[in-house]
Amino acid sequence: MLDDPVKYGLLAMLAIALLVAAFTDLKSRKIANWLNAAIALSAPLFWWATGMALWPDVAMQLGLAVATFLALSILFALKAMGGGDVKLLTALALWVAPMHFFQLLIVMALLGGLLTVLFGAWHVALRQKHKLAIPYGVAIAAAGLWTIASFYVPESALSGLAG
């Protein structure tokens, strides 16, 4: 039994939003601003539901989000990352504790590398001449879902879903 329905309801909403982001990025190579805004603007509800203190907890989440946005903006300026991806990761930084966020980044990078290899192989197999576009939102969303399952949902709830 989940001990806090508000907290887990918000996490379920985040999981659904991540799935929508992955599917829309896969389909159109875009992640809607309204979706990223909904994720970011619902983070304070999650802070409240989890009992985060303004100092230092919320301040650290905000600092992590600002640092994430600044670092990824450089990648966006270099055309190494899409704007929707930057906004999605920044919004996730508002939800995920800093130590877990760094683990999310590692998982995202690994999944993104795998995604790049798979899409690259498919691109070559079809002998396509246009520029290869990787839907990196899929890797971001998958890493976000992994983070939710690994760090925020009790193991008992996950085992109940599996069997």
Within segment 127-134, is even one residue part of a helix (DSSP H, G or I) and over 17 Å from the mean Cα position of the chain (by Cα)?
no
MET60 vs. criteria within 16 Å of the chain's Cα centre (by Cα) and farther than 27 Å from LYS27 by Cβ
no
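Of all residues in segment 90-106 being assigned to a helix (DSSP H, G or I) and closer than 16 Å to ALA21 by Cβ, which is nearest to the chain's Cα centre (by Cα)?
Narrowing segment 90-106 to residues assigned to a helix (DSSP H, G or I): 90-93, 98-106.
Those still in the list that are closer than 16 Å to ALA21 by Cβ too: 90-93, 104.
Numbers: THR90: 8, ALA91: 8, LEU92: 5, ALA93: 8, LEU104: 8 Å.
It comes out as LEU92.
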Show the residue pairs that are 6+ apart or on different chains and have beta-carbon atoms under 8 Å apart, the first residue being within segment 58-74 and in contact (Cβ under 8 Å) with a residue 12 or more places away in the chain and under 9 Å from ALA93 (Cβ atoms), the second being charged (D, E, K, R) and crowded, with 16+ Cβ neighbours inside 10 Å.
none
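So if I check each of LYS87, LYS79, which one is out of contact with any helix residue (DSSP H, G or I) (no Cβ under 9 Å at 6 or more places or on another chain) and either in a helix (DSSP H, G or I) or over 19 Å from ALA38 (Cα atoms) (or both)? If you could, list the steps in order and put the result at the bottom.
Working: LYS87 fails: out of contact with any helix residue (DSSP H, G or I) (no Cβ under 9 Å at 6 or more places or on another chain).
Going through LYS87, LYS79 in turn, the sole match is LYS79.
Every read-out reported here was derived from the displayed coordinates using simple, explicitly stated rules and does not represent laboratory data. The structure displayed is predicted, hence computed values, not measured ones. All Cβ positions, even for glycine, are placed from backbone atoms using ideal geometry, and neighbour counts span all protein chains on display.
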